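Below is one structure; the comments refer to it alone.
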Amino acid sequence: MPTLTTSCLSQSQTGHSGRHQRPTNCLRYEESPHRKRPSGRDRLRGLVVMAFLLPLCLSGVTTEAAEPSQTPAPATLESNANLTRHVLIIGLDGVREDALLKAETPQIDRLAARGTRFSGTLIRKPMGTDKADTVSGPGWSNLLTGVWPDKHNVLDNKFTSPSYKKYPHFFSRLKEARPDAFTASYCNWNPISETIVSQADINEYSPPVNKDYAPADVTNTDSCVKMLAEKSPMATVLYLGQIDETGHNFGFHPSVPQYMEAIERVDALIGRVLAAIEARPQRKQEQWLILVCTDHGGRGRNHGGGHAFPEITQTWMIVSGDGAQLNKEGKVTEPETAQVDVVATALTFLVGALPREWNLDGKPVGLLAKSEQAE
């Protein structure tokens with residue numbers, strides 16, 4: 001959005017881009033003893049010219065070409081009311097926040113720079129008394145249903161008696177509000193595809209190769225990129241599992257080279273997905289909200305039974321893209337965030353105000369204020 005030059009009344013002004021812009025020159029009349037005094041008709045003409053030019057000077061409009069701003073104007077609901085809305089949730093299994101901050105992750109960093117990275121995201125209900133373990137079953141149930149274990153009833157990785165009919169995967173909620181919504185899920189941890197996901201138009205599971213999740217992550221990413229080039233999903237979930245498996249094999253810690261390398265490999269895969277979104281022919285007619293999250297951290301080579309350890313229970317989430325608030329201060333801890341906020345944020349962006357009967361536990365975070373209102 002071009003920046004108009006500032007008022008002629010100041011000698012220099014700093015524009016939105018941070019650069020100094022040239023001042024506007026105003027027309028000035030000076031009385032000189034060596035000049036012939038203008039006639040009444042000439043004075044009248046001068047007044048007419050002044051009356052015409054003065055408003056232009058005061059409004060900051062000049063005949064010079066305005067310099068473009070280096071920073072795009074933030075998106076607003078009003079300016080994007082006619083654009084279609086889409087959500088991508090990228091779920092990374094077992095990523096400690098301190099390791100994420102130390103790793104070379106240009107793609108994740110770019111997402112954080114275009115939104116907000118929340119620190120200390122809770123994996124358990126505050127003052128919760130449920131018996132859910134600090135493992136993937138409860139974590140991904142929190143992240144994908146938007147409710148805590150006292151509702152979805154997943155306490156471990158056995159999925160003995162989940163309450164997904166009453167508290168389903170958020171695809172089901174989305175299709176209640178938008179029956180024509182196209183949804184897609186890609187993962188390589190089978191319980192997500194087989195047990196948690198519902199109402200997915202695409203539900204693709206790529207099994208690990210000899211217990212190696214890295215090739216499966218690539219396969220999931222390939223499929224997701226292809227789908228983004230061919231279809232128009234309203235909601236997509238991409239799960240990548242190699243970081244957690246690497247932590248179990250070598251250790252969950254930023255001092256472990258293999259763990260850090262896994263984070264960096266996954267970051268490169270994320271870059272491919274982001275590029276696929278930007279390459280969509282209809283991209284200029286779309287708003288994309290991108291959420292990145294994890295189910296737990298880790299300690300040593302494990303994370304089970306970890307409620308006493310912040311490196312396991314204190315995670316993070318990123319809210320980025322079109323419609324996201326831009327936070328220039330780096331990570332933020334206020335408001336307090338929790339895993340159940342992921343679904344609330346995604347659905348609020350897509351459908352507006354959330355029906356009370358859904359009984360979700362989360363709240364929308366990181367969105368532009370207008371995006372939290374129903375259209």
- Can you tell me which residue in the stretch 257-283 is farthest from ASP93 (Cα to Cα), limited to those that are touching a residue at least 40 places away in the same chain (Cβ under 8 Å), open to solvent by 20 Å² or more (accessible area, probe 1.4 Å) and not in a helix (DSSP H, G or I)? GLN282
- Those residues of the stretch 127-137 that are touching a residue at least 24 places away in the same chain (Cβ under 8 Å) and out of contact with any Ser or Thr (no Cβ under 7 Å at 6 or more places or on another chain) come to a total of 7
- Message: Given the criteria at pLDDT below 95, closer than 19 Å to LEU291 by Cα, not β-branched (Val, Ile, Thr) and not in a helix (DSSP H, G or I), does ALA75 qualify?
- Response: yes
- Query: Would a scan of the stretch 322-343 turn up a residue that is touching a residue at least 24 places away in the same chain (Cβ under 8 Å), among the hydroxyl-bearing types (Ser, Thr, Tyr) and in a loop (DSSP other than H, G, I, E, B)?
  - Reply: yes
- Message: Looking at ALA344, ALA353 in this structure, which one is touching a Pro at 6+ places or on another chain (Cβ under 6 Å), farther than 30 Å from PRO208 by Cβ and among the small types (Gly, Ala, Ser)?
- Response: ALA344
- Message: Looking at ILE196, ILE202, can you tell me which residue is open to solvent by 10 Å² or more (accessible area, probe 1.4 Å) and of a type in the set (Val, Ile, Thr)?
- Response: ILE202
- Task: Find the residue count for the stretch 107-130, including only residues that are surrounded by fewer than 20 Cβ atoms within 10 Å (Cβ to Cβ), in contact with a Pro (Cβ under 9 Å, 6 or more places away or on another chain) and over 11 Å from TRP148 (Cβ atoms).
- Result: 1
- Message: Where the second residue is in a helix (DSSP H, G or I) and open to solvent by less than 40 Å² (accessible area, probe 1.4 Å) and the first is among the aromatic types (Phe, Trp, Tyr) and lies in the stretch 174-196, which pairs have Cβ atoms under 7 Å and are six or more apart or on separate chains?
- Response: TYR186/ASN220; TYR186/SER223; TYR186/CYS224; TRP189/SER136
- Taking interchain pairs and intrachain pairs at least six residues apart, which have beta carbon atoms under 7 angstrom, with the first residue in the stretch 211-234 and closer than 20 Å to TRP288 by Cβ and the second of a type in the set (S, T, N, Q)? ASN220/ASN188; ASN220/SER206; CYS224/THR236; PRO233/THR183; MET234/THR183
- Query: Quick check: anything in the stretch 262-278 of a type outside the set (Gly, Ala, Ser), within 26 Å of THR129 (Cβ to Cβ) and at pLDDT 95 or above?
  - Reply: no
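For the condition out of contact with any strand residue (DSSP E or B) (no Cβ under 8 Å at 6 or more places or on another chain), open to solvent by less than 10 Å² (accessible area, probe 1.4 Å) and modelled with pLDDT of 95 or more, what is the one hit in VAL319, VAL343? Full working, then the answer.
Working: VAL319 fails: out of contact with any strand residue (DSSP E or B) (no Cβ under 8 Å at 6 or more places or on another chain).
None of the other options fit; the residue is VAL343.
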- Query: Any chance the stretch 327-337 includes a residue that's farther than 22 Å from VAL225 by Cα, of a type outside the set (Gly, Ala, Ser) and buried (at least 24 other Cβ atoms within 10 Å of the Cβ)?
  - Reply: yes
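The values are calculated or read from the model by the stated rules, or taken from the named source; none is laboratory data. As the structure is a computational prediction, the values presented were derived from the model and not from experiment. Reconstructed Cβ throughout: ideal geometry from the backbone, glycine too, with neighbour counts over all protein chains shown. Quick note on the areas: whole protein, heavy atoms, side chains included, nothing else; ligands and nucleic acids left out. Shrake-Rupley method; radii C 1.70, N 1.55, O 1.52, S 1.80 Å.
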